[in-house]
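Okay, structure first, notes after.
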Amino acid sequence: MADNPTTLYVNGTWRASADGATFDVLNPATGEVLAQVASATPADGMAALDAADNAAREWAETPARERAHYLWRAFDAVTARAEEFARCMTLEMGKPLDQARAEVTYGAEFLRWFAEEAAHVHGECYHTPEGALQVMTLKRPVGPCLFITPWNFPLAMATRKIAPALAAGCTCVLKPSEDTPLTALLFAQVLDEVGLPAGVVNVVPTADTPPMTGPMIADPRLRKISFTGSTAVGRALLKEAAENVLRTSMELGGLAPFIVFDDADLDAAVDAAVATKMRNMGEACNASSRFYVHNSVREEFTTRVSEALGAMRVGDGMSDGTEVGPIVSAKQRDHVVDLVNRSVAAGGRLVCGGHPCEGPGFFYPPTVVADLAPDNPLLHEEVFGPVAPICGFDTEEEALALANATEFGLAGYVHTRDVARIMRLAQRLEVGMIGVNSATISNAAAPFGGVKASGLGREGGLDGIEEFLETIYVGMPR
Ligand code: NAD
């Protein structure tokens, strides 16, 4: 930690903020200050945009294979320093060390995937059907981008944006979460060490985001915002982006349904329920958030999931054997406490957990709430914590209606052996991603993203690089 950079990274140089201000980064397992990080001012934000804009043309004209080489080198460097990244994430965010190591693998994979994709960007040439015109399409980078990322996956949320942007030929400014800026700065150090040209990536943490990002978003040189975070902030940014008609990618909140049918392999469903609920202490946008279980197996499922969750080891993510780390901050822990209390007041029955742990640190135990009415707040608000509400259903139509009864539409999980049913649900579940009999859907090679209030655009997969490209059409007589 002592060697982790803590200053701004602007135009290839490390420096304090314009007014010298810093903010504290806490270890959520102890509540102690881990580091003091430079807090970018509006002037620092504009300096970062100046740098990204100045570097934009040369970077766009750099051959794709050369751009890819920087990504390959960054992949190698992050992989070589995996343990350092993992420890940094556990210390500033709280996730158990083995999960932090898994995030390093996942986050680095975007660097490799988009290094491979960079060389495959191309347009098309064809004739119009009536034969009068020759159509040529070119792909151009959209231009300087602003990236705003959350705290839950401090490395992967940054690489999922930066890697496709660089592959497409875009430069950028990254504003990481104020809870987890250290991982982003460590990644900036990697990019610096692999020789990325100055200004291509700039990293500006701040304790006060809107005054810093507002002027950047209003500046016509900025051409794109890619945001990952809550739907409320996404909505506000979409309004700001409307003024200059910016390209936007929005990876927002989720409330994933997890549907277990009566023909499901119950052992596999219980394992997947625990994994999709408890990964990252439930602080994942694609975490299972509402369990809908066929009434014929609901009781058994509830008992088995409660036993598994109740037996999980809660503790400091740095300690061996910890399965559930602290919640990222006191504020987020208080949100979990409040939502569970409101859920119980509205008639939810606590099966396990439900009361915050003693400090120090911001711990909350794995919790199961059953017997919820359809309007229970836990079924409509994102808890972003280790809390599993379990409800019953009788028919496929009923399960679908319950699953779709939310403004969110990020991920959904289905457990059934019936292939025809899987295909019906794939058509009608209002989500961007569906995991079938599976505990994992995130992969750099797959398009991650949501529908409805869960966002716009896709990250990863073959779609990911398109978010950073404009299609330019050139028409000529045949
Ligand atoms: P958040 O919206 O509070 O903050 C996200 C980022 O936005 C942070 O960097 C924050 O500093 C910044 N921010 C806050 N207010 C802002 C404003 N007015 N203008 C500009 N930037 C602002 O979210 P969070 O608590 O950091 O993360 C949790 C949320 O992120 C959850 O809702 C979760 O579902 C979502 N999330 C979504 C995905 C996805 O891929 N869909 C992935 C991870 C997290």
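Let me know the volume per residue of the alpha-carbon convex hull for the range 1-113, in Å³.
Working: hull volume 12.9 nm³, N = 113.
Per-residue hull volume (Cα only) is 114 Å³.
Give the shape of the range 72-198 as rounded, prolate or oblate, defined through the alpha-carbon gyration tensor: a ≥ b ≥ c are the square roots of its eigenvalues, a/c under 1.5 means rounded, and otherwise the shape is prolate if a/b is larger than b/c and oblate if not.
The shape class here is prolate.
Would you work out which of Leu26, Leu91, Gly45 lies farthest towards the positive end of the dipole of the range 15-115? Charges go on Cβ: Lys and Arg +1, Asp and Glu -1.
The Cα lying farthest towards the positive end belongs to Leu91.
DSSP loop (so not H, G, I, E, B), at most 16 other Cβ within 10 Å: list which trypsin sites (Lys or Arg not before Pro) in the range 411-467 pass both filters.
Arg417
Hey, what did the range 59-109 get for relative contact order, percent, Cα under 8 Å, at least 6 apart?
Rounded, it is 34 percent for the range 59-109.
Counting each pair of different Cα atoms once, what's the Kirkwood radius of the chain in Å, rounded to one decimal?
This gives a value of 23.1 Å.
Taking all protein chains as present, what is the carbon and sulfur share of the accessible area of the chain, in % to the nearest whole number, probe 1.4 Å?
Result for the chain: 52 percent of the exposed heavy-atom area is carbon or sulfur.
Can you check what the Kirkwood hydrodynamic radius comes to for the range 192-242, Cα pairs only, in Å to one decimal?
Result for the range 192-242 stands at 12.8 Å.
Output needed: percent of Cα pairs per 10 Å distance bin for the range 199-335, bins running from 0 to the one holding the longest distance.
10, 28, 25, 21, 13, 3
Based on alpha-carbon centroids, what's the gap between the range 122-153 and the range 395-412 in Å, whole number please?
One Cα centre to the other: 34 Å.
Do me a favour and compute the ellipsoid semi-axes for the range 299-356 from its Cα gyration tensor, root of five times each eigenvalue, largest one first, whole Å.
Semi-axes, largest first: 22, 19, 6 Å.
Give the accessible surface of the range 53-122 per residue, rounded to a whole number of Å², with probe radius 1.4 Å and ligands, DNA and RNA excluded.
Numbers: 3240 Å² over 70 residues.
That works out to 46 Å² per residue.
So what is the relative contact order for the chain, in percent, with contacts set as C-alpha pairs under 8 Å and at least six apart?
Over the chain, the number comes to 19 percent.
Over the Cα atoms of the range 256-391, compute the convex hull volume and normalise it per residue, giving Å³.
With only Cα atoms used, the range 256-391 gives 95 Å³ per residue.
Go through the range 211-247 and name the trypsin sites (Lys or Arg not before Pro) that are in a DSSP coil and have 16 or fewer other Cβ atoms within 10 Å of their Cβ.
For trypsin sites (Lys or Arg not before Pro) across the range 211-247 that sit outside H, G, I, E and B with at most 16 neighbouring Cβ atoms in 10 Å, the list reads Arg221.
Once you sort the root eigenvalues of the Cα gyration tensor of the range 360-478 as a ≥ b ≥ c, which label holds: rounded (a/c under 1.5), prolate (a/b larger than b/c) or oblate (the other case)?
Cα axes put the range 360-478 in the prolate bin.
Around Ser289, with a cut-off of 14 angstrom between Cβ atoms, what is the net charge of the other residues, counting Lys and Arg +1 and Asp and Glu -1? Mind dumping the intermediate values first?
Values: positive: Lys277, Arg279, Arg290; negative: Glu283, Glu381, Glu382, Glu407.
Summing Lys and Arg as +1 and Asp and Glu as -1 gives -1.
Please figure out what share of the DSSP beta bridges in the chain is antiparallel and state it in percent, rounded to the nearest 5.
40 percent
Only Lys, Arg, Asp and Glu count, each charged at its Cβ (+1, +1, -1, -1), so figure out the dipole size of the chain about its Cα centre, rounded to 20 debye.
For the chain, the charge dipole is close to 880 debye.
Percent antiparallel among DSSP beta bridges with both residues in the range 337-468, to the nearest 5?
35 percent
The values are calculated or read from the model by the stated rules, or taken from the named source; none is laboratory data. Predicted model only: the values in this text are computed from it and were never measured. Heads up, the Cβs are rebuilt from the backbone with ideal geometry, glycines too, and the neighbour counts pull from every protein chain shown. For accessibility, only protein heavy atoms count, side chains too; no ligands or nucleic acids. Shrake-Rupley method; radii C 1.70, N 1.55, O 1.52, S 1.80 Å.
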